[in-house]
Each structure stands twice: as C-alpha cells, then as structure tokens.
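Asks: What follows is a structure written as structure tokens; I'll ask about it next.
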Amino acid sequence: MNDKPNLKLGLVFSFIIFSIMFVSSVLTAILAIIFHPNFSSEANKFLWPIIDLSIISIIVGTTISAIIGKKILAPLVKFSEAIMEVGKGNFNIKLDEDKYYYVEELQKMSQNFNIMVDELNNIETFRSDFIANVSHEFKTPLASIEGYTTLLQDNNLSKEEKSKYTDKILNNTKRLSSLVGSILQISRLENQDIIAERSRFKLDEQLRQTLLLLESKWSNKNIDLDIDLDSITFHGNEELLMQVWINILSNAIKFTPENGTIRCTLKKDKNWITTSISDNGIGMNEDTQKHIFDKFYQGDKSHSSEGNGLGLALVKRIVDLCGGEIDVYSECKKGSTFIIKLPC
Ligand code: ADP
C-alpha cells in the first residue's frame, strides 16, 4: 500500500492552520489598537518588528504543521486506501492495530476495521463453501441420470434392465427434487424471524403419526420402538414441527442397525415441553457432534446417498424459530439421544 499521504488532505490541513494563525494575529492587533488608544503612537517603533515576527511565525507555523500534518493524516489515508481495497472485494487487508496506540480513536478505528473485514471474510468463505457444496450435491445425481439415460438408449436392453435403469433415474430425480426443496426451505426459514402460521395441535399425536409414516423403514430393520408420550397440546406450526420429527426419527432409523431400539418420550414441566429421541445405533464422535447442525455436513459417509446433510440444519433452524433448544448426547457405537425443548 502507498505510504505517502494524500497531498490534497495535507494542503487543506496546512491551510486551516495558516488561517487560524493569520486570523488570531489580525485579531490580536485589532484588540491592541481598540483597548490601548496610545498603542499606535507608543508602538510605532515596535509595530514593524511585531508584524515581521507575526509573518515569520505564520510561515514557520504553517510549514511545521504541513510536515506534522502528513504524519497525523497518514493513518486516515491508509484507512481510505484500505476501504477502497475492500470495495474491490479484497477482504484480506488488515490495519496495524498497534501502530497508532497513542491515539485511542485511531486504534479503535483500526480494530473495528479489522473486525469488519474478518466478518466479511467469514461471509465470503461461507458463501463460496455453500456454492461448492450445492454444486457437489447436484453433480452426483445428475451424473447418474446422464449415465442411466445413455444406457437406456441401447435398443437391445431386456425388460428387466430397462426397468432397473428407469428406477435409478427416478430415484436420482427424487433426490435432486428433495435437495432443491431443502435448499429452498432452509433459505426461506433463514430469512424469517418469526413463525407466522400457528395453530393448536397434539404433539403426542403428531409423533405417533410420524412413526406411522416411517413404519416401512423401521419395520424392515426389525427395530423395536419404546414410546412414552404424555398428552400435550402445542401452539405452533404443525407442518414445520412434523419435519423436525421426520428428520430426527429418520436419522435414528438410518443409523441404527437391525434389531435395534428407538426410544421416544414426550414430557412437560413448568417452562418446557421436552421430546427425547434415543437410539442404540452407531453413535457419533465429538467432532461429528460439533458439526451435525452445519449445512451439508455428513458425518457418516456410508449413508450419504440417503441424505444430503441438510436435515439437521433445517431442524435446528425450525427449533430456533420456535424459541426452543436442541441438544445431542452421543457415544460411538452406543447410540445417540436428541433432546428437543419447546417453550410451553
Ligand atoms: P444426513 O442424514 O442427510 O446425512 P443430517 O443433517 O440429517 O444429514 O445429519 C447430519 C449427520 O449427523 C449425519 O450424516 C450423521 O453423521 C449424523 N447423525 C445424525 N443423526 C444421527 C444418529 N441418530 N446417529 C448417528 N449419527 C447421526
């Protein structure tokens, strides 16, 4: 970056100092004449040396202020250049916070500027990661659709082969459609601060309905259900909450081996309605637990074709919008418990 201060700013600063000195000299002379009527006759012999001295001090003062002004204005010029870089999209620029430690405002300005570029950098990284993840998630099903469509063009295919390839195309199309749906929904939910459409409904019934909806999945794996649901009415968005249970219960089924157990309880106290969903499946290590609510994060890659890593990000957003809390407790190879608390 250019260290030379902007000349125009330096000149303005010197001109201001020059004007102040000039005006104060003239004022002093006028006041001396008004309040000492004898001044002009007495001071005739001193007047010219005083005028000479004033002119010299104005010139010397202005020159010194011009030189010092360059130093004083340097951080402002640096700041302006840094802002220009940010405007061009360079968020890696930083101001030296310790350089101007002797002027509190300048130090604060540098600190605030650095915080601002850090934030912008995070947003930029998040944006580019998001685009990379979306593109990656789209690429796999699209490549499959392309491959199976090419295979279908062969006229010598048997009926079974044709039906197998059509099924594959259909499954990948469904995957794409669910991905697009999740992305749209998550961005819509991120742009809203409250849930507008709310109604009263029975939470225990909703949980039973969800389990019924997923029956084919858990019965195929011979999973045992242990259910203990109190009768509780909730005031909220029924559709969004249904998605919370579908995502968490689907995961519990997906990550629990055959003959496993899923336990689901629903209780209420003075402040919270608490739902707990536990499984004795594969569990998660600490690193996975830290990231499960991140968009597109998939801890267990062996099931990656069955999801897109957006389920729990969506769940977290919905629970946040309800004013609730979600926690996870898990241990590798032992199982996981998701606790969802909703305000009464
Ligand atoms: P997806 O299920 O599509 O991979 P999610 O956002 O629903 O995406 O879950 C993110 C990750 O959290 C999963 O990939 C998995 O690693 C982990 N996870 C979620 N629920 C469970 C569970 N019940 N048991 C073990 N791991 C889980």
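Asks: Just give me the residues in the stretch 135-194 being among the small types (Gly, Ala, Ser) and either within 30 Å of Leu241 (Cα to Cα) or in a helix (DSSP H, G or I) (or both), in sequence order.
Replies: Ser135, Ala143, Ser144, Gly147, Ser163, Ser177, Ser178, Gly181, Ser182, Ser187
Asks: Going through Asp228, Asp204 one at a time, which residue ends up being of a type in the set (D, E, K, R), away from the ligand (no atom under 12 Å from the Cβ) and buried (at least 16 other Cβ atoms within 10 Å of the Cβ)?
Replies: Asp204
Asks: It is to be established whether one or more residues within the stretch 234-256 are polar (S, T, N, Q), in contact with a strand residue (DSSP E or B) (Cβ under 7 Å, 6 or more places away or on another chain) and more than 30 Å from Ser135 (Cβ to Cβ).
Replies: Yes, because at least one residue in the stretch 234-256 is polar (S, T, N, Q), in contact with a strand residue (DSSP E or B) (Cβ under 7 Å, 6 or more places away or on another chain) and more than 30 Å from Ser135 (Cβ to Cβ).
Asks: Among the numbered criteria (1) among the β-branched types (Val, Ile, Thr); (2) closer than 16 Å to Ser250 by Cβ; (3) near the ligand (Cβ under 7 Å from one of its atoms), which one does Ile277 miss?
Replies: So the condition that Ile277 fails would be (3).
Asks: Give, as residue ranges, the helices (runs of 4 or more DSSP H) completely inside the stretch 1-107 that count at least 3 residues that are at pLDDT 75 or above and closer than 30 Å to Asn122 by Cβ.
Replies: Filter on the stretch 1-107 gives 44-87.
Asks: If Asp269 meets every condition in (1) in contact with a strand residue (DSSP E or B) (Cβ under 7 Å, 6 or more places away or on another chain); (2) more than 8 Å from the ligand (Cβ to nearest atom) apart from one, which number is that one?
Replies: The single condition Asp269 does not satisfy is (1).
Asks: Looking at this structure, is Ile318 under 24 Å from Glu197 (Cα atoms) and in contact (Cβ under 8 Å) with a residue 60 or more places away in the chain?
Replies: yes
Asks: Continuing with the same structure: So for the stretch 213-225 (the condition being away from the ligand (no atom under 16 Å from the Cβ), assigned to a strand (DSSP E or B), out of contact with any Asp or Glu (no Cβ under 6 Å at 6 or more places or on another chain) and within 23 Å of Lys341 (Cβ to Cβ)), does at least one residue qualify?
Replies: Checking the stretch 213-225: not a single residue is away from the ligand (no atom under 16 Å from the Cβ), assigned to a strand (DSSP E or B), out of contact with any Asp or Glu (no Cβ under 6 Å at 6 or more places or on another chain) and within 23 Å of Lys341 (Cβ to Cβ).
Asks: Tell me, please, whether a residue that is of a type outside the set (Val, Ile, Thr), over 29 Å from Ser219 (Cβ atoms) and within 11 Å of the ligand (Cβ to nearest atom) can be found in the stretch 324-342.
Replies: Within the stretch 324-342, not a single residue is of a type outside the set (Val, Ile, Thr), over 29 Å from Ser219 (Cβ atoms) and within 11 Å of the ligand (Cβ to nearest atom).
Asks: Has the stretch 288-295 got at least one residue that is within 7 Å of the ligand (Cβ to nearest atom), over 24 Å from the mean Cα position of the chain (by Cα) and surrounded by 20 or more Cβ atoms within 10 Å (Cβ to Cβ)?
Replies: no
The values are calculated or read from the model by the stated rules, or taken from the named source; none is laboratory data. Bear in mind that the values here come from a model prediction, so they are computed numbers and not experimental data. Every residue, glycine as well, gets a Cβ built from its backbone with ideal geometry; the counts of neighbours run over all protein chains shown.
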